[in-house]
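Heads up, the thing below is written out as structure tokens.
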Amino acid sequence: MENQKSVLNINDIENSLSGVDNDKIFNMFKKVRRLTIELCEPLEIEDYVVQTESFMSPPRWHLGHVTWFYDQLLKKYFKDYKPYREDYSYYLNSYYQAFGKPFNKSRRGTISRPTVKETIEYWNYINRQAAAFFEATELKLNMLKDFILAFNHEWQHQELMVYDLQHLLQDKYKPKEIRKVPSANGNAGKKEMIKIPGGIFELGFDILKWKDQFAYDVEMPQHKVYLNDYYIDNTPVTNGDYLKFIAEGGYNSYKFWLDEGWQWVNRESINAPMYWEQDDKGNWFKNDFRGKRFLENFPNEPVTNVSFFEADAYARWAGKRLPSEAEWEKAASWDESTQAKRLYPWGDTEPGEMNCNLLESRLWGPADVFTYELGKSFYGCYGMIGDAWEWTNSEFVAYPGFKSGFAEYNDKWFTNQKVLRGGSFGTPKDSTRNTYRNFFKTHERWLISGFRCAKDA
């Protein structure tokens with residue numbers, strides 16, 4: 001394809017993102033959109049249309065879908081708006097029944113239209129229309145709410161793109177920038193279990209305290225739960241820890257596994273985390289964004305790409321269990337000195353490169369579990385934001401008193417899902433907090449998922 005590099009280069013979207021430079025909401029819009037394109041810049045034209053498994057989506061679809069989301073808002077709120085292509089909606093819809101029957105997710109890679117070039121043209125058209133809208137419109141509260149939701153929606157898809165790019169390309173994806181992983185600054189650290197006092201704990205997002213901070217409806221309402229005293233690991237489980245589990249036959253003994261998990265292990269011939277392979281000398285390695293890496297050389301990185309079944313089995317093997325989401329959140333958020341919750345483990349200030357590893361860190365993999373001394377919670381737990389999502393043993397269900405704030409969104413999934421907390425190295429920094437509830441099915445491991453263990457006091 002002639003001119004493919006210019007079609008897909010970030011510099012070519014600048015004109016479509018121009019205007020209204022001093023407007024806070026439009027500046028946020030530009031920031032969100034640029035990060036998506038940055039993820040796509042290393043791709044060749046062929047990469048955009050491949051769907052390697054039913055659970056992932058081609059990059060072209062992600063680009064089109066997040067653009068379609070803004071398309072629907074402009075139709076709703078911009079009286080001068082002229083839709084680009086009405087026929088795109090069927091393919092680019094995700095699961096929103098209100099917009100018509102969605103295209104089958106597992107078949108997104110089976111059609112070649114719209115083309116990548118057409119998708120980028122659509123992207124630029126919507127950017128220009130959004131610029132005109134923000135310049136001409138006095139934003140009302142309902143508009144602002146919907147556009148902030150759209151930004152959070154695109155951040156979610158940025159992380160999903162990281163998952164999909166790893167599955168599609170592994171070490172063949174070359175990020176625009178890979179920064180050196182910070183050292184632990186001489187902090188050897190000590191792995192231990194920390195005792196957390198029980199009692200009444202208010203689980204969920206405090207809308208009164210953090211009224212200027214976005215949160216999903218499924219993080220609310222904040223409500224009282226009772227916790228017994230418990231212990232929780234001060235770090236996530238590491239590669240070195242998990243290698244011991246494998247070496248001692250963890251995948252070969254039914255006694256560590258839930259029945260459904262044991263059936264899954266045997267049916268799918270699972271013997272290690274996703275992306276792990278063993279060479280003819282018995283050494284474990286994986287091909288990831290940083291290249292081919294032997295895991296024995298990175299023993300203190302959090303293990304990633306494990307399912308709930310694997311995390312639960314490891315915890316049983318270790319004589320422990322997975323924490324509930326309430327236990328996880330208290331360990332991450334509660335400050336005994338102030339008797340108040342923190343938005344992040346370290347406080348209420350936004351995430352930065354000194355306290356956690358998120359997408360903007362551009363490390364493209366987890367860091368040593370003791371790296372972020374300034375990111376510890378009050379109780380001394382490391383890495384509770386960033387590096388790897390952490391499985392809990394809690395079902396993803398509505399909190400007591402839940403009221404849906406976003407039609408056809410997260411509350412559609414209140415069934416057969418487990419809660420994960422904390423974010424990963426693929427999570428945008430504006431898209432996480434102590435109360436954020438991610439959720440996946442028990443067998444899924446294509447996400448950047450790890451865990452830490454707990455036990456009763």
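The values are calculated or read from the model by the stated rules, or taken from the named source; none is laboratory data. Just so we're clear, the structure is a prediction, and the values are computed from it rather than from any experiment. Backbone-built Cβ (ideal geometry, glycine too); neighbour counts: all protein chains shown.
Some observations on this one:
- Per-region count, the range 80-109, residues aromatic (Phe, Trp, Tyr), without any contact (Cβ under 8 Å) to a residue 24 or more places away in the chain and surrounded by fewer than 13 Cβ atoms within 10 Å (Cβ to Cβ): 1
- The one condition in (1) surrounded by 14 or more Cβ atoms within 10 Å (Cβ to Cβ); (2) at positive phi that residue 238 fails to fulfil: (2)
- Within the range 425-453, considering residues that are part of a strand (DSSP E or B) and out of contact with any Ser or Thr (no Cβ under 8 Å at 6 or more places or on another chain), the one surrounded by the fewest Cβ atoms within 10 Å (Cβ to Cβ): 439
- Scanning the range 363-380 for residues that are closer than 25 Å to residue 163 by Cβ and either over 20 Å from the mean Cα position of the chain (by Cα) or not in a loop (DSSP other than H, G, I, E, B) (or both) returns 371, 375.
- The listed residues are 219, 248, and the only one of them that is touching a Ser or Thr at 6+ places or on another chain (Cβ under 7 Å) and either closer than 22 Å to residue 438 by Cβ or exposed (fewer than 12 other Cβ atoms within 10 Å of the Cβ) (or both) turns out to be 219.
- Taken residue by residue, the range 235-244 has no member that is at pLDDT 95 or above, outside the structural domain of residue 337 (by TED's automatic domain parsing), in contact with an Asp or Glu (Cβ under 7 Å, 6 or more places away or on another chain) and not polar (S, T, N, Q).
- If only residues of the range 271-284 that are crowded, with 18+ Cβ neighbours inside 10 Å and without any contact (Cβ under 8 Å) to a residue 60 or more places away in the chain are counted, the one that is farthest from the chain's Cα centre (by Cα) is 284.
- Within the range 88-113, the set of residues being assigned to a loop (DSSP other than H, G, I, E, B), of a type in the set (Phe, Trp, Tyr) and under 17 Å from residue 157 (Cα atoms) comprises 95, 96.
- Some residue of the range 397-408 being assigned by TED's automatic domain parsing to the domain that holds residue 368 and part of a strand (DSSP E or B): no
- Condition met for residue 131 (surrounded by fewer than 16 Cβ atoms within 10 Å (Cβ to Cβ) and either at negative phi or in contact (Cβ under 8 Å) with a residue 60 or more places away in the chain (or both)): no
- Residue in the range 363-374 that is touching a residue at least 60 places away in the same chain (Cβ under 8 Å), farther than 30 Å from residue 262 by Cα, surrounded by fewer than 18 Cβ atoms within 10 Å (Cβ to Cβ) and in contact with an Asp or Glu (Cβ under 6 Å, 6 or more places away or on another chain) present: no
- Long-range neighbours under 7 Å by Cβ, at least six apart or interchain, first residue at positive phi within the range 152-180, second of a type outside the set (Ser, Thr, Tyr) and surrounded by 17 or more Cβ atoms within 10 Å (Cβ to Cβ): 170/288
- Taking the numbered list (1) assigned to a helix (DSSP H, G or I); (2) acidic (Asp, Glu); (3) under 28 Å from residue 213 (Cα atoms) in turn, residue 121 passes all entries but (3).
- Residue in the range 378-390 that is touching a helix residue (DSSP H, G or I) at 6+ places or on another chain (Cβ under 6 Å) and surrounded by fewer than 21 Cβ atoms within 10 Å (Cβ to Cβ) present: yes
- Candidates 268, 192, 202, 248, filtered to the one that is of a type in the set (Asp, Glu) and closer than 20 Å to residue 340 by Cβ: 202
- So residue 445, is it more than 17 Å from residue 258 (Cβ to Cβ), of a type in the set (Lys, Arg) and modelled with pLDDT of 95 or more: no
- Scanning the range 409-454 for residues that are within 18 Å of residue 161 (Cα to Cα) and either assigned by TED's automatic domain parsing to the domain that holds residue 54 or over 13 Å from the mean Cα position of the chain (by Cα) (or both) returns a single hit, 444.
- Here residue 151 does not qualify as touching a Leu at 6+ places or on another chain (Cβ under 6 Å), surrounded by 18 or more Cβ atoms within 10 Å (Cβ to Cβ) and over 30 Å from residue 297 (Cα atoms).
- Taking the numbered list (1) under 22 Å from residue 322 (Cβ atoms); (2) surrounded by fewer than 19 Cβ atoms within 10 Å (Cβ to Cβ); (3) not hydrophobic (A, V, I, L, M, F, W, C) in turn, residue 182 passes all entries but (1).
- Scanning the range 311-362 for residues that are aliphatic (A, V, I, L, M) and surrounded by fewer than 16 Cβ atoms within 10 Å (Cβ to Cβ), we see that the one that is nearest to residue 165 (Cα to Cα) is 354.
- The listed residues are 226, 231, 251, and the only one of them that is among the aromatic types (Phe, Trp, Tyr), over 30 Å from residue 155 (Cβ atoms) and either in a loop (DSSP other than H, G, I, E, B) or modelled with pLDDT under 95 (or both) turns out to be 251.
- Residues in the range 414-424 that are part of a loop (DSSP other than H, G, I, E, B) and touching a Phe, Trp or Tyr at 6+ places or on another chain (Cβ under 7 Å): 414, 417, 422, 423, 424.
- Among residues of the range 390-405 being more than 20 Å from residue 217 (Cα to Cα) and of a type outside the set (Asp, Glu), the one that is nearest to the chain's Cα centre (by Cα) is 391.
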